[in-house]
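The block underneath contains the structure these notes are about, expressed in structure tokens.
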Amino acid sequence: MNFADVEKLVDMGPRERAAQMLDMGAELHRRARTPHTRRELPRQLRRESVLETVAAPIMDRLHGVRAAAPEKIRGLAETGRMLKTRAGEVTDLVLTPQARKSVARSAMDRTQDRSVNDLAIRQLGLGMMDSDPVARCCAAYAYWLATGADAAIPVLDNAIDSEDEEERLVGAHCLAKVKPSRVRKLHGTAEDDRPQTPINPLQNSMTVIIHGTFAKDADWYKPGGDFHTYVKGHVYPDVYSGDDFFFWSGRYARTDAGLATIWRQAANKLVSWCASHPAQTLRLIAHSHGNNVVNMATPRIPTCTLIQLSPPVRDWNLPDMSTVSSSRFFNIHSRIDLVVKIDGGAQDYRGTSVASRESTKVIGTFGHGASHDAKKWSKKNVPQLVKTVCP
């Protein structure tokens, strides 16, 4: 990371800015001698003259340093939502796009021999007041990586209540790293991963849609949901539509060992569910970490193909292709997936033993939920792609 890298943040678009801020936070975290021990703003940020009329008052309040509201400042807008902080509820204030760019450019002043680290932290602090909610989440997480400051928490808390799927998922995955207890309301429990389905008669073919982390209560994958309806009407009419559709807890853990335990429990349920809903030809469409659940289940579930949507790939949890009769699986994802970036996985299986069996399709530039967007499936001819096998 150098000055040019930080300077680029000023003029980047919101999604590119979000990705760059995540990279900066990770780099600052690696450089920090005592990460996540400082709970106040770095002194150099709090005393910056260019920030004291905009950033410092707001950031102080987010930290609970003082409860007094900042004076109305030109360039600030209210989103109409409230953030709960140690200082009480405060208005969710953001910088308008023009003000953000102006203040960010001024904050790049390199006088007094400021280090690149200091400049980066200042930009991440401003990023928590970005006009774009996804960029705000990424800035908050990156700022937490760099400083351990609690200012990140209310920003992310606010995001997980959003009606926008991308903001909610990015915020949830960030908050799961920062404060896991805050995301419990978004997923189920271990009870949801226990097999509990009846025996059904053998079907000629069946397609099953499987949700990812924090998505158990989402509607898109359920019978009647927008993506389920699209798949049933335009791709696979045999998509399972019974009241006992498959779901799992959607729980998350901060360690690979913790994730493996959760996925294994959900995989056991999936194996049991498929055994109770037998089909001669089985296709599994999974989103996000639902793919890791599927990967763990593949040694015990004969399938025709796998259709993976935005998979956070782990090289230690690959699908068993010996049980996939077509010997092919599909990976539908955005070019840049901020959720996968936060999670720490890869976006495809390059470099692994199953890479030669993978057919990839980039469905958009940004977005974790874009891979189950019916309009994007239609625009990018995804049905025609996936039906080249197991039609």
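The values are calculated or read from the model by the stated rules, or taken from the named source; none is laboratory data. Everything quoted here is computed from the prediction, not taken from an experiment. Note: ideal-geometry Cβ built from the backbone for every residue, glycine included; neighbour counts use all protein chains shown.
Scan the stretch 363-384 for residues that are farther than 20 Å from GLU167 by Cα and surrounded by 16 or more Cβ atoms within 10 Å (Cβ to Cβ) and jot them down.
Residues of the stretch 363-384 that are farther than 20 Å from GLU167 by Cα, as a first pass: 377-384.
The answer is TRP377, LYS380, VAL382.
Criterion first (surrounded by fewer than 24 Cβ atoms within 10 Å (Cβ to Cβ), in the same structural domain as ASP343 (by TED's automatic domain parsing) and touching a strand residue (DSSP E or B) at 6+ places or on another chain (Cβ under 9 Å)) does GLN203 satisfy it? Can you show your working first?
Numbers: surrounded by fewer than 24 Cβ atoms within 10 Å (Cβ to Cβ): yes; in the same structural domain as ASP343 (by TED's automatic domain parsing): yes; touching a strand residue (DSSP E or B) at 6+ places or on another chain (Cβ under 9 Å): yes.
Taking the combined requirement at face value, the residue satisfies it.
Based on what the data block shows, is PRO201 at pLDDT below 95 and either β-branched (Val, Ile, Thr) or out of contact with any Gly (no Cβ under 6 Å at 6 or more places or on another chain) (or both)?
On the way: at pLDDT below 95: yes; either β-branched (Val, Ile, Thr) or out of contact with any Gly (no Cβ under 6 Å at 6 or more places or on another chain) (or both): yes.
So PRO201 passes the test.
Among (1) touching a residue at least 40 places away in the same chain (Cβ under 8 Å); (2) under 24 Å from ASP244 (Cβ atoms), there is one condition THR298 misses while meeting the rest; what is its number?
Checking THR298 against (1) touching a residue at least 40 places away in the same chain (Cβ under 8 Å); (2) under 24 Å from ASP244 (Cβ atoms), the one that fails is (1).
Sort out for me the helices (runs of 4 or more DSSP H) sitting completely within the stretch 327-391 that have 1 or more residues that are within 26 Å of HIS234 (Cα to Cα). Give the derivation first.
On the way: elements: 338-343, 374-379, 382-386.
Answer list for the stretch 327-391: 374-379, 382-386.
Among VAL183, VAL170, which is the only one that is of a type in the set (Val, Ile, Thr) and farther than 14 Å from GLY369 by Cβ?
Numbers: VAL170 fails: farther than 14 Å from GLY369 by Cβ.
The conditions single out VAL183.
Considering each residue of the stretch 305-326, count those that are over 17 Å from the mean Cα position of the chain (by Cα) and in a strand (DSSP E or B), and give that number.
The initial filter retains those residues of the stretch 305-326 that are over 17 Å from the mean Cα position of the chain (by Cα), namely 305-307, 315-326.
Okay, now just the ones that are also in a strand (DSSP E or B), so 305-307, 324.
Selection size over the stretch 305-326: 4.
Quick one: which residue in THR305, THR298, THR323, THR352 is in the same structural domain as ASP238 (by TED's automatic domain parsing), surrounded by fewer than 20 Cβ atoms within 10 Å (Cβ to Cβ) and within 19 Å of LEU270 (Cβ to Cβ)? Working first, answer last.
On the way: THR305 fails: surrounded by fewer than 20 Cβ atoms within 10 Å (Cβ to Cβ); THR298 fails: surrounded by fewer than 20 Cβ atoms within 10 Å (Cβ to Cβ); THR352 fails: within 19 Å of LEU270 (Cβ to Cβ).
Residue meeting the stated conditions: THR323.
Restricting to the stretch 175-209, name every residue that is touching a helix residue (DSSP H, G or I) at 6+ places or on another chain (Cβ under 7 Å) and among the small types (Gly, Ala, Ser).
Within the stretch 175-209, ALA176, ALA190 meet the criteria.
Tell me, please, whether a residue that is of a type in the set (Lys, Arg), surrounded by 15 or more Cβ atoms within 10 Å (Cβ to Cβ) and in contact with a helix residue (DSSP H, G or I) (Cβ under 7 Å, 6 or more places away or on another chain) can be found in the stretch 235-254. Steps first, answer last, please.
Pass one, the stretch 235-254, residues of a type in the set (Lys, Arg): 251, 254.
Among the residues that remain, those that are also surrounded by 15 or more Cβ atoms within 10 Å (Cβ to Cβ) are: 251.
From what is left, the residues that are in contact with a helix residue (DSSP H, G or I) (Cβ under 7 Å, 6 or more places away or on another chain) are 251.
Looking for residues that are of a type in the set (Lys, Arg), surrounded by 15 or more Cβ atoms within 10 Å (Cβ to Cβ) and in contact with a helix residue (DSSP H, G or I) (Cβ under 7 Å, 6 or more places away or on another chain), one finds at least one in the stretch 235-254, hence yes.
Go through the residues of the stretch 162-179 one by one and say whether even a single one is among the acidic types (Asp, Glu) and more than 30 Å from GLY25 (Cβ to Cβ). Spell out how you get there, then give the answer.
Of all residues in the stretch 162-179, those among the acidic types (Asp, Glu) come to 163-167.
Imposing the further condition that a residue be more than 30 Å from GLY25 (Cβ to Cβ) reduces the set to none.
No, the conditions are met nowhere in the stretch 162-179.
Show the residue pairs that are 6+ apart or on different chains and have beta-carbon atoms under 7 Å apart, the first residue being within the stretch 153-170 and touching a residue at least 12 places away in the same chain (Cβ under 8 Å), the second being assigned to a helix (DSSP H, G or I) and acidic (Asp, Glu).
Within 7 Å, the pairs are ALA159/GLU167.
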